[in-house]
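Asks: Encoded as structure tokens, here's the structure I'll be asking about.
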Amino acid sequence: MNRYLSLLLFMCLSSEVGAADSQVVFADAVAAWHFSDLNSADGKSALKVQGDVKLGVELKGVERAASLARGGDGRAAEFAGGWLDAGQGGGGRLNLKGNALTMLLRLRNPSGEWNNGELFSKHGGHDKLVYNLFINGDNLGFEFGAEGNPRLAGQVATAVSTLDPKQWHDMVVRYDGSNLVMFVDGAAVARTQAAGALRQGNAQPVLIGRRGFKGLLDHAALWQRALTDDEIIALSGGEEAMKARRDAMTKKIEAKIGREGLTLADQLRGARELRQRLWNDPHRPRYHLLPPDGFWNDINGTIYWKGRYHVFFLGRLAPDLNTILSGKDSDHARETWLHASSRDLVHWVHHPPALVPVFDGSMPRGIYSGDMMDNMPVPTIIVHVPGQGTCLFTAEDDELIRWKPHPKNPVIPSASAPPEAIVFDPCGWKEGDMHYALVGNKNKTPGCEGDSTSLFRSRDLVKWEYRGPFYKSERRWTEEYMDCACPDFFPLGNKHMLISHVHRPWNHLQYYIGRFDKKAERFLPESHGFMSWPGGSVCAPETLLDGKGRRIFWGWIMEAGPRTNGWGSVATLPRVLSLADDNSLRIEPAPELETLRCNPRHRENLTVSGELPLKDIRGDCLEISAVIEPCDAKEFGIKVRCSPDGAEQTAIVCTPGARTLKTELAKSTLDPRVKYIWMNETWARERNIPADKRFAQEQVAPFALKPGEPLRLRVFLDRSVLEVYANDRQCITQRIYPSRSDSLGVTLISRGGSVKVKSLDAWDMSPTNSW
């Protein structure tokens with residue numbers, strides 16, 4: 001009796017729940033490995049050890065019982081940087097054929113840390129790949145290739161954070177010729193449509209645990225067919241195990257999504273309590289655009305349409321309890337597009353979510369960042385859907401409340417994109433009869449290292465042609481590790497401007513001004529600048545062209561302290577972008593903001609040497625306009641949110657000699673939780689940089705006064721948000737979190753000499769956020 005039949009007999013006689021069913025499922029597997037030794041269960045697909053892998057690790061207690069219940073043998077392999085080479089299998093049987101497959105991998109990663117790479121694959125590059133279960137960043141994904149398709153035929157992914165390092169997980173991927181579905185612990189967590197027979201001619205070996213996986217594998221298997229839902233449940237512990245998981249998850253899910261089982265009275269009481277909490281939060285801005293509740297991040301599509309300004313931004317949403325427990329989707333909250341509009345750029349109405357992910361496992365990460373395509377006859381959103389690609393949605397009404405997905409979504413599939421083009425945050429526009437899209441934050445074409453994006457074009461919005469990298473970044477302006485996320489490209493004056501989000505070494509903004517060569521379909525940058533600097537708070541930009549011909553800008557102002565009380569993140573004030581005579585960038589606050597001014601105060605011809613408190617100007621919601629002549633001072637400016645004893649204060653300082661404008665943050669708050677990041681944790685860890693070196697004490701922007709030119713400041717203070725405009729050509733955005741209720745003072749400062757304040761005007765700003 002061979003080893004496989006002996007094991008089958010043992011499991012049939014055992015008392016483990018669901019064990020017999022799981023073994024029946026294994027009976028027609030093309031190959032199955034239990035990692036007790038180098039042989040597959042039927043002895044026909046031997047393994048070779050590459051690097052540090054320990055086979056036959058004995059599992060004990062409940063771990064052994066769970067292994068047996070799923071068709072394992074109670075033993076596992078421990079990986080510490082090595083991997084297993086399964087070759088082609090006896091007779092090349094691992095070269096699966098046809099239009100169906102199922103892959104199983106049972107694993108546990110006690111460290112909770114993942115390295116990018118393949119977990120179970122027959123790879124060799126996207127043009128050769130047959131199947132690949134992988135980790136990439138924070139994604140656990142699967143992809144496969146099909147005959148006659150030079151790119152990937154299908155890809156699904158879910159968040160790797162769903163894998164608990166304390167638990168074993170049963171991962172199954174099923175392809176049935178029309179749908180590709182990923183299961184974790186018996187529940188579908190991601191799905192997409194796919195088609196085609198599995199790619200042939202790949203001579204690469206099947207590799208298990210490749211590229212730095214450090215953890216345990218219980219067993220792995222491949223089938224030349226699509227297993228049924230019941231069979232997948234059997235491989236995941238059986239119905240009883242699934243029921244136990246659902247019961248255990250119920251309370252956790254209810255606590256997480258927080259909306260199940262509430263009566264109308266509960267909901268009304270909760271809404272009133274939330275409004276009161278938001279109103280009482282001393283850091284919640286009163287006249288900046290922000291979410292009415294909850295968290296948002298990237299500002300996305302913006303458009304001026306039928307007399308209204310519309311701003312869209314990313315929020316969070318999770319499925320309901322029954323959807324999660326039914327196995328149709330996971331409890332992972334995902335991105336959705338929220339929506340607000342205004343007639344005057346000042347007073348905003350919040351609408352229902354514009355784009356909501358489908359809760360059937362096909363959008364496990366939600367709907368990510370994108371853009372409103374310019375010059376379209378009907379408002380059209382171009383957006384990234386992780387695991388699918390670039391998708392389009394068109395408005396069905398003039399209020400932009402209802403949106404219809406394009407029937408051919410994804411119009412630019414991730415799986416079929418050229419290997420050098422990364423399908424990620426897009427933007428788009430129409431020019432003549434041609435549509436253009438910038439897709440991705442990098443392009444891997446040799447010579448285009450650094451921040452870049454890829455150009456696609458289409459006449460019909462269905463067939464998109466790849467045109468290559470859109471521009472070439474240069475090291476005189478940016479570092480190679482920077483990227484071009486959330487791009488926005490538009491004409492500005494007699495030039496074009498490309499503005500984008502940068503992820504490394506921290507979230508910030510950059511822009512290029514240059515020439516668009518329409519014939520060559522390439523952007524030729526002529527100048528470069530940033531809109532935030534270490535310690536700053538603004539990123540994820542978006543612009544629109546309004547009815548007055550103005551280019552209006554918004555950015556996402558991130559938090560610097562702990563997550564705020566029932567809300568999160570803010571939009572910058574609307575800024576008007578234009579070009580000066582020398583083609584440098586001009587940045588001005590929208591004049592509509594002046595309607596919020598009240599209680600004016602005016603001072604003029606003040607000489608300041610040292611510090612001059614302005615006793616009649618106090619508050620946390622102010623606009624201050626000042627014209628200051630430098631005289632012989634080395635540094636000068638204004639302090640806001642000053643406590644009477646100076647323990648808390650934020651200084652806005654111009655240093656002509658250094659040609660800088662800065663915000664000094666060392667005394668902005670007494671709250672030790674507030675940190676101003678100039679290097680994110682991942683970046684610092686990769687470079688072994690100590691945690692205390694990750695933070696900034698000031699934000700410093702380049703700014704030069706011309707000979708004889710005074711400093712003209714426009715300062716907008718809105719509780720925890722500070723925006724500083726200087727001479728219409730520089731702007732600093734800052735979050736500050738004073739901890740004391742008496743930190744309301746305003747002080748003029750001059751260091752190393754004196755200055756003359758020719759005029760100073762201050763206003764209280766009326767609130768627009770009533771709750």
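The values are calculated or read from the model by the stated rules, or taken from the named source; none is laboratory data. Please read these numbers as outputs of a predicted model, since none were measured by experiment. Here the Cβ is made from the backbone with ideal geometry for all residues, glycine too, and neighbour counts use every protein chain on show. In case anyone asks, the SASA skips ligands and DNA or RNA and just uses the protein heavy atoms, side chains included. Shrake-Rupley method; radii C 1.70, N 1.55, O 1.52, S 1.80 Å.
Asks: Could you name the lysines whose alpha carbon sits less than 17 Å from that of residue 54, not counting residues in the same chain fewer than 8 places away?
Replies: 214
Asks: I would also like to ask the following. For the pair residue 579/residue 682, report the inter-label distance in nm, with labels modelled 7 Å from Cα in the Cβ direction.
Replies: If labels sit at residue 579 and residue 682, their model points lie 3.6 nm apart.
Asks: All other residues with a Cβ under 12 Å from the Cβ of residue 442 taken together, and with Lys, Arg as +1 and Asp, Glu as -1, what is their net charge?
Replies: Here the count lands on -4.
Asks: Here is a follow-up. Could you work out the per residue convex hull volume over the alpha carbons of the range 24-173, in cubic angstrom?
Replies: Hull volume over Cα atoms, normalised by residue count, gives 119 Å³.
Asks: Past 25 Å, Cα to Cα: identify those pairs from 430/472; 404/518; 634/706, in the order given.
Replies: Correct reply: 404/518.
Asks: Any idea of residue 306's accessible area? Nearest 10 Å², probe 1.4 Å.
Replies: 130 Å²
Asks: For the pairs 60/166; 306/519; 408/444, note any where the Cα-Cα span goes beyond 21 Å.
Replies: Check vs 21 Å cut-off fails for 306/519; 408/444.
Asks: Cut-off 13 Å, label point 7 angstrom out along Cα-to-Cβ of residue 360: give me the residues of the range 305-348 whose amide nitrogen falls inside.
Replies: It comes to 328-329, nothing else.
Asks: Give the separation of the Cα centroids, the range 104-149 to the range 362-400, in Å.
Replies: Using only Cα atoms, the two centres lie 28 Å from each other.
Asks: To the nearest 20 Debye, how big is the dipole of the range 320-432 about its Cα centre, given +1 on the beta carbon of each Lys and Arg and -1 on that of each Asp and Glu?
Replies: 220 debye
Asks: Along Cα→Cβ, 7 Å out, is where each label goes; now give me the distance between the ones at residue 658 and residue 349 in nm to one decimal.
Replies: For residue 658 paired with residue 349, the spin-label model returns 4.8 nm.
Asks: Using θ = phi - 60° and the Karplus form 6.51 cos²θ - 1.76 cosθ + 1.60, what ³J(HN,Hα) does each residue of the range 247-254 get, whole Hz, x for Gly and Pro?
Replies: Once rounded to whole Hz, the list reads 5, 5, 7, 4, 5, 4, 5, 4.
Asks: Here's another thing I want to ask about it. With a point put 7 Å past each Cα toward its Cβ, work out how far residue 632 is from residue 50 in nm, to one decimal.
Replies: According to this spin-label approximation, the distance is 7.4 nm.
Asks: Sticking with this one: Note down the Stokes-Einstein diffusion coefficient of the range 334-395 in µm²/s, whole number, using a Kirkwood radius over alpha carbon pairs, 37 °C, and 0.692 mPa s.
Replies: Estimated via Stokes-Einstein, D reaches 255 µm²/s.
Asks: Follow-up. So for each of 672-680, 387-395 I average, over its residues, the number of other beta carbons within 10 Å; can you give me the resulting order with the highest mean first?
Replies: Order by mean packing, descending: 387-395, 672-680.
Asks: Oh, and also: Let a ≥ b ≥ c be the square roots of the eigenvalues of the Cα gyration tensor of the range 286-426; is it rounded (a/c under 1.5), or, if not, prolate (a/b larger than b/c) or oblate?
Replies: Here the range 286-426 falls in the oblate category.
Asks: With +1 on each Lys and Arg Cβ and -1 on each Asp and Glu Cβ, how big is the dipole of the chain about its Cα centre, in debye rounded to the nearest 20?
Replies: 800 debye
Asks: Would you kindly derive the ³J(HN,Hα) couplings of the range 225-235 from the backbone phi angles with the Karplus curve 6.51 cos²θ - 1.76 cosθ + 1.60 (θ = phi - 60°), listing them in order in whole Hz, with x for Gly and Pro?
Replies: Listing the rounded values in order: 8, 8, 5, 7, 4, 5, 5, 5, 4, 4, 6 Hz.
Asks: Quick check: the distance between the Cα centres of the range 576-612 and the range 490-533, to the nearest angstrom?
Replies: Comparing the Cα centres of the range 576-612 and the range 490-533, I get a distance of 26 Å.
Asks: Then there's this: Rank 233, 691, 413 by how far each Cα sits towards the positive end of the charge dipole of the chain (+1 on Lys, Arg Cβ; -1 on Asp, Glu Cβ) and give me just the farthest.
Replies: Positive-most Cα among the choices belongs to 691.
Asks: Expressed as a whole number of Å, what is the distance separating the alpha-carbon centroids of the range 677-711 and the range 171-203?
Replies: Taking the Cα centre of the range 677-711 as reference, the centre of the range 171-203 is 45 Å away.
Asks: In terms of Cα to Cα distance under 18 Å, which aspartates and glutamates are near enough to residue 122, apart from those fewer than 8 places away along the same chain?
Replies: Here the aspartates and glutamates satisfying the reach criterion relative to residue 122 are 85, 143, 147.
Asks: Just from the alpha-carbon atoms, what are the Rg and Dmax of the range 403-529 in angstroms?
Replies: Expressed in Å, the Cα Rg and Dmax of the range 403-529 come to 14.3, 44.
Asks: A further question follows. Using the per-residue mean of other Cβ atoms lying within 10 Å as a proxy for protection, in what order, highest first, do the peptides 432-442, 90-100 fall?
Replies: Taking the mean over residues of other Cβ atoms within 10 Å, the ranking is 432-442, 90-100.
Asks: About the Cα centre, and with charges only on the beta carbon of Lys, Arg (+1) and Asp, Glu (-1), how big is the dipole of the range 408-537? Nearest 20 debye, please.
Replies: 280 debye
Asks: List, in order, the whole-Hz ³J(HN,Hα) value for each residue of the range 519-529 obtained from phi through the Karplus relation with A = 6.51, B = -1.76, C = 1.60 and θ = phi - 60°; use x for Gly and Pro.
Replies: 5, 7, 6, 9, 9, 10, x, 10, 8, 9, x
Asks: So if each residue of separation counts as 0.36 nm, and I subtract the Cα-Cα distance between residue 504 and residue 404, what length gain in nm does that give?
Replies: Answer, rounded to one decimal: 32.5 nm.
Asks: Considering the options 638, 353, 288, tell which one lies farthest towards the positive end of the dipole of the chain, charges being +1 on Lys and Arg and -1 on Asp and Glu at the Cβ, about the Cα centre.
Replies: Going by the Cα projections, it comes out as 638.
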